[in-house]
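Just so it is clear, none of the values below were taken in a lab; they were calculated from the coordinates. This one's a predicted model, so the numbers in the text were calculated from it and none came from an experiment. For neighbour counting, all protein chains shown are included, and Cβ atoms are generated from backbone atoms with ideal geometry for every residue, glycine included.
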Amino acid sequence: MPKSKEEIKQIIINGDTYVGIELGSTRIKTVMIDDSFTPIASGNCRWESEYCDPYWTYTLDQIWDGLKESYADLIKTIKKTYGVDVKKIKTIGVSAMMHGFLAFDQHNQLVTPYRTWRNATTQEASTALSNMFDFNIPQRWSIAHLYQAIINEEPYIKDITYLTTLAGYVHWQLTGQKVIGIGDSSGMFPVSTESQNYDENLMKLFNDIAKVKKMPWSLEDILPIIIPVGTAAGQLISSGAKLLDPSGNLEPGISFCAPEGDAATGMVATNSVQSKTGNVSAGTSIFAMIVLENQLKNFHPEIDLIMTPTGKQVAMIHSNSCSSDLDAWINLFITFADKMKFSYERDDIYDMLFNIALEADEDSGDLLAYNFYSGEQMVGTNLGRPLFVRKPESNFTLANFMRTHLYTALCILKKGMDILFEQEIASVHHLKAHGGLFKVKGVVQKILADAMNVPIAVSETAGEGGAWGMAILAAYVSEKHRMLFETFLEEKVFVMHNHQIIHPTQQGIKAFEIYYQRFMKALSVEKEAIRRLK
């Protein structure tokens with residue numbers, strides 16, 4: 001039964017709330033929930049990575065300015081709605097984009113600008129480690145960035161005393177604790193399903209590499225400590241409280257759960273943590289995850305192996321590029337509407353353009369697009385060159401144009417999922433989808449179902465995304481002693497949640513396959529653009 005405004009006000013005053021913060025690629029979101037796991041309020045901040053040749057990065061100032069703005073937006077909403085300040089919170093959790101390279105020296109100084117997951121500059125390291133480990137190490141993983149820096153003989157490497165992720169860094173600054181959740185850690189270095197810790201055998205192989213042996217550190221010395229789900233992972237320190245809330249209202253001493261990656265919070269937000277469940281997260285990047293019932297039979301460079309927050313192995317298919325190029329095109333339409341002085345809501349333009357894609361020709365008018373903002377390891381590109389290509393005789397309509405750009409956002413994902421479904425015979429009843437691409441109801445959900453040839457479910461909480469999932473992980477800290485995390489999700493969090501399922505159709509499957517074959521056949525056009533357009 002929904003709580004009254006007065007009841008929620010008292011909950012906030014008492015500090016009986018949980019907060020999840022997620023630093024996504026284009027948005028930092030802060031969500032507060034109550035003990036029924038219902039969002040009370042949320043705050044947002046828009047931000048963008050910068051391309052500082054040859055790396056995609058965010059500055060530390062951007063990180064903290066964005067966090068303050070997102071939290072302040074949450075507080076502003078609460079003050080306006082309930083008339084109270086936030087001083088106490090039961091538990092906070094921080095999530096962020098996984099992988100990347102955030103390395104610090106003994107003075108806690110960043111030794112080189114933050115390198116995000118979006119970079120595809122570690123091919124040599126990625127290939128060498130994958131072959132050595134017989135385990136796929138994608139270019140975006142932290143260990144690939146570290147080893148590539150060693151190969152490149154970058155001068156600061158010997159000075160590293162701590163290597164972490166974005167979520168791990170923020171958590172460290174807020175609590176003083178150099179820890180990490182198992183899901184986020186599994187995107188830094190392979191984690192053993194048996195020990196629920198970094199794989200000791202693979203760590204020894206890495207430490208025994210000749211160039212690594214010359215370092216004054218061993219890998220285990222510089223990685224964060226893995227903290228199990230539901231375990232308290234520190235408290236908000238005074239300096240951390242000021243970093244998050246300069247007003248001084250937020251009191252130190254608030255409990256924190258372990259920081260997690262956006263993959264783990266996506267699993268939680270879609271209740272996809274048990275074997276044979278799966279989800280798709282679509283925003284700046286797009287990735288699908290299926291919790292495996294059995295280990296994969298073969299090594300596949302297209303498939304990453306990470307962990308659920310509870311330490312189950314997950315097959316992940318990841319594409320660096322999803323909505324960025326699509327958003328850039330839509331911004332052209334918005335600029336046009338502004339110049340014409342049309343009256344509109346931004347969401348209305350997205351609704352119209354997405355829905356018109358459903359009216360496209362079966363062959364999408366013979367149009368073609370590549371949405372690569374950065375490299376795509378799965379097809380052998382190390383940079384991005386967004387392209388739109390058509391023939392003089394192509395049927396260049398708005399419907400075909402939009403269908404083309406929605407289709408192209410899913411093509412890299414399809415390549416990996418085909419391997420998982422057809423070669424590894426992975427099993428899943430349906431995939432649960434969340435993220436910004438699903439805000440327009442039913443459109444991308446239908447296209448994704450046709451592309452993957454599997455039913456796609458979207459729940460009523462899909463729009464809350466990873467920040468809500470992180471708040472759920474924070475809430476579990478006080479529930480861990482009562483039940484397993486999977487049971488907690490099933491019986492307490494998702495017991496009243498509904499979702500809509502869309503099934504693939506033969507017509508839709510055929511239409512996507514026509515486009516997919518065109519996309520794969522003409523990849524040399526994208527590669528030539530990368531070569532020529534420096």
Cα gyration tensor shape of region 173-236, rounded if a/c is under 1.5, else prolate or oblate by comparing a/b with b/c: oblate
Spacing of the two label points (7 Å from each Cα toward its C-beta) at THR397 and TRP64, in nm: 5.5 nm
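Please compute the contact order of the chain in relative form: average sequence separation of alpha-carbon pairs under 8 Å and at least six residues apart, divided by the residue count, as a percent.
15 percent
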Helix-only [θ]222 nm of the chain, DSSP H runs n ≥ 4, -39500 (n - 2.57) each, per residue, nearest 500: -11000 deg cm²/dmol
Euclidean distance between Cα centres, region 389-465 to region 482-534, Å: 4 Å
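About its Cα centre, what dipole magnitude does the chain give when the only charges are +1 on Lys and Arg Cβ and -1 on Asp and Glu Cβ, stated in debye to the nearest 20?
540 debye
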Dipole of the chain, positive direction: furthest Cα of VAL458, ALA103, LEU448, with charges on the beta-carbon: ALA103
Rounded FRET efficiency, nearest 0.05, which uses the C-beta distance separating LYS534 from MET352 and R0 of 30 Å: 0.20
Under the Karplus curve 6.51 cos²θ - 1.76 cosθ + 1.60, θ = phi - 60°, whole-Hz ³J(HN,Hα) for region 40-52, x wherever Gly or Pro sits: 8, 6, 9, x, 9, 8, 8, 8, 9, 6, 10, 9, 10
Karplus-derived 3J(HN,Hα), 6.51/-1.76/1.60, for each residue of region 376-385, Hz, glycine and proline x: 10, 4, 5, 10, x, 10, 10, 9, x, 9
Average Cα contact separation per residue, region 1-80, under 8 Å, 6 or more apart, as relative contact order %: 24 percent
Distance (nanometres) between label positions extended 7 Å along Cα→Cβ at PHE342 and ASP363: 3.0 nm
GLU376 long-range amide H proximity, modeled H, under 5 Å: THR381, ASN382, LEU383
Part-to-part distance (alpha-carbon centres) for region 264-308 and region 152-190, which is given in Å: 22 Å
Most to least packed among 3-15, 139-151 [average Cβ atoms within 10 Å]: 139-151, 3-15
Share antiparallel - DSSP beta bridges, the chain, percent rounded to 5: 70 percent
Karplus (6.51, -1.76, 1.60) ³J(HN,Hα), θ = phi - 60°, over region 177-187, in Hz, Gly and Pro reported as x: 9, 8, 10, 7, x, 5, x, 5, 5, 6, x
Sparsely packed chymotrypsin sites (Phe, Trp or Tyr not before Pro) within region 352-410, loop by DSSP, other Cβ within 10 Å at most 15: PHE396
Region 79-138 - Debye-derived log10 I(q)/I(0), Cα point model, q = 0.19, 0.26 Å⁻¹: -0.90, -1.09
Additional length obtainable on full extension of the chain from LEU205 to ASP418, 0.36 nm per residue less Cα span: 73.5 nm
Stretch gain in nm, segment GLU6-LEU523, where the contour uses 0.36 nm per residue and the Cα spacing is subtracted: 180.3 nm
Relative contact order, percent, region 118-243 [alpha-carbon distance under 8 Å, six or more residues apart]: 27 percent
Convex hull of region 108-216 built on C-alpha atoms - directionally averaged projected area, nm²: 7.0 nm²
For region 343-401, convex hull volume per residue from C-alpha positions, Å³: 135 Å³
ILE227 long-range amide H proximity, modeled H, under 5 Å: ILE180, GLY181, ILE182
Cβ-based charge dipole, region 160-300, positive-most Cα from TRP217, ALA232, ASN279: TRP217
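Run through region 170-254 and list the trypsin sites (Lys or Arg not before Pro) located in a DSSP loop whose Cβ has at most 12 other Cβ atoms within 10 Å.
Of the trypsin sites (Lys or Arg not before Pro), the ones in loops of region 170-254 whose Cβ has at most 12 other Cβ atoms within 10 Å are LYS214.
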Share of alpha-carbon pairs per 10 Å distance bin for the chain, given as whole %: 4, 19, 29, 27, 16, 5, 0
Cα gyration tensor category, rounded, prolate or oblate, for region 208-330 with a/c compared to 1.5: oblate
Estimated FRET transfer efficiency (GLU194, THR487; beta-carbon r; R0 22 Å; 0.05): 0.45
Part-to-part distance (alpha-carbon centres) for region 218-248 and region 10-70, which is given in Å: 16 Å
Gain in span if fully extended, PHE135 to VAL389, counting 0.36 nm per residue against the direct Cα distance: 87.8 nm
Over 27 Å between alpha carbons, listed pairs LYS213/LYS297; LYS204/LYS312; LYS29/LYS432; LYS276/LYS446: LYS213/LYS297
Projected label distance in nm at LYS213 and GLU48, using a 7 Å step from Cα toward the beta-carbon: 4.8 nm
